[in-house]
Amino acid sequence: MALTSVSELQTLIHEHITRTPRLPEIEHIPVAQSIGRVLAEDMVSALNIPATDISAMDGYALPSDAAAGSCWQIVGESAAGKPFAGDLPKDGCIRIMTGAVVPPGSTCVVLQENTKTEGNAIILTQDVAVGANIRYGGEEVATGDTVLTAGRILRPADVMLLAAIGIGQVPVYRKIKVAVLSTGDELNEPGTPATDNGQVYDSNRHTLMARLAAMPVEVLDLGQAADDLESVLHTLNEASCMADVVITSGGVSVGDYDYMREAVNRLGAIHHYKVAIKPGKPFVFGQMLKTWYFGLPGNPVSGYVGFDLFLKAALWQLCGAQDIPQPFRLQAVLSQQVKKSPGRMDIQRAVLTQTADGTWEASPAGEQDSHRVWGVSRANGYIILPAEAGNLPAGATVTVQPFTEAFL
């Protein structure tokens, strides 16, 4: 079977999900809890921001523009929440605070530091023009403006915006259910005593659950399935009845005890198998009735990379997101040579550093074998090497993808 390129598989997954649109149900949650959730409806403002004309600075509201040296009588005060209620005479001014309502008849605000006080009057030390230091009602948001559209992954700044237009409960899509399963008789559960029978601790399932915690999903931990076809069939069948997505780790290769792919084929259909990437060539994408299936390789680093390249975008799409986040990438210079054979895209774990002149340097984070979990922990990004590339010398320019969580 010919290997599919990374971009081809990404497109294939996106198109399969697009052809089977099933948006989650909608729920309303407090605005302060909506960060990271997917907005389910367009947000239309029912008010103006600012609500009316307000002062941008502390100073004095005047009825007209004025020149330096002119004198104005102080006839009142306007504070935030306590507007001036009287009339403003032609030769009068109002003491005004930042955020306070500009009194009717006022055309500008002179800054406090551009005046000097003499008794109950002020004298301007600088000219002031009509419109100066006034924030006009509706200049930021007007009543009827669509400020956010459905499908947006809500950010902290969106909470500020929604709260500012008076939204207390936000319509978002409900979290999708994602079942996580490991397979392999060699797996030992973290926290249990180690054995000497060639067993290894199951890092993949726990890593998946940890990474899913940052997304709007409800994680269903299905534990571990034995290397037995009937056991795998039973577990996957149960998972497909209660989850929107099933993600498995291990059992997708071609070994005598790798049953996951066959089980998915019996319960549904495999849309794709094998991708031209290193690490992680065996990657299964399919469906079991209405449940989407993603089968990651058993090698820890392969699964880690596969999650970033294929699962993240697919899961956001299934959560209802329209503005699906794209990985942040930039150019860096290799500080040492890297080894690569042409044929597959190579995702190498790397240490990225910024030099004094602002350029970025990248060096591999140790050996690149797909079982080396410490190398991923020491890395703060990927070096993205295209399929056609071979060995690259120190000084070559490469594309890198920082781990955003490492640059807080």
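Observations, loosely collected:
- Subset of the range 142-178 that is within 25 Å of residue 23 (Cα to Cα) and hydroxyl-bearing (Ser, Thr, Tyr) - its residue that is least open to solvent (accessible area, probe 1.4 Å): 173
- Looking only at the range 179-211, and only at residues there that are in contact with a helix residue (DSSP H, G or I) (Cβ under 8 Å, 6 or more places away or on another chain) and surrounded by 20 or more Cβ atoms within 10 Å (Cβ to Cβ), the one that is modelled with the lowest pLDDT: 183
- Residues (among the acidic types (Asp, Glu) and either farther than 13 Å from residue 123 by Cα or outside the structural domain of residue 125 (by the TED database) (or both)) located in the range 56-103: 58, 65, 77, 87
- Residue check, residue 355 open to solvent by less than 10 Å² (accessible area, probe 1.4 Å) and polar (S, T, N, Q): no
- Residue in the range 125-141 that is farther than 23 Å from residue 78 by Cα, surrounded by 13 or more Cβ atoms within 10 Å (Cβ to Cβ) and within 40 Å of the chain's Cα centre (by Cα) present: yes
- Residue within the range 6-23 that is modelled with pLDDT under 95, assigned to a strand (DSSP E or B) and not aliphatic (A, V, I, L, M) present: no
- Residues in the range 320-352 that are among the acidic types (Asp, Glu) and either farther than 30 Å from residue 2 by Cβ or exposed (fewer than 13 other Cβ atoms within 10 Å of the Cβ) (or both): 323 alone.
- When each of 225, 239, 269 is tested for being out of contact with any Phe, Trp or Tyr (no Cβ under 7 Å at 6 or more places or on another chain) and open to solvent by 20 Å² or more (accessible area, probe 1.4 Å), the lone residue that passes is 269.
- Boolean, residue 160 is modelled with pLDDT of 95 or more, in contact with a strand residue (DSSP E or B) (Cβ under 6 Å, 6 or more places away or on another chain) and hydrophobic (A, V, I, L, M, F, W, C): no
- Every residue from the range 382-408 that is over 14 Å from residue 309 (Cα atoms), in contact (Cβ under 8 Å) with a residue 40 or more places away in the chain and within 18 Å of the chain's Cα centre (by Cα): 404
- Residue 312 being within 25 Å of residue 11 (Cα to Cα), in the same structural domain as residue 237 (by the TED database), basic (Lys, Arg) and not in a helix (DSSP H, G or I): no
- All positions within the range 117-161 that are assigned to a loop (DSSP other than H, G, I, E, B) and more than 30 Å from residue 68 (Cβ to Cβ): 138, 140, 142, 143, 144, 145, 149, 150, 151, 152, 154, 155
The values are calculated or read from the model by the stated rules, or taken from the named source; none is laboratory data. Please read all numbers here as calculations on a predicted model, not as lab measurements. Backbone-built Cβ (ideal geometry, glycine too); neighbour counts: all protein chains shown. Remember, those area values only see protein heavy atoms, side chains included, never the ligands or the DNA or RNA. Shrake-Rupley method; radii C 1.70, N 1.55, O 1.52, S 1.80 Å.
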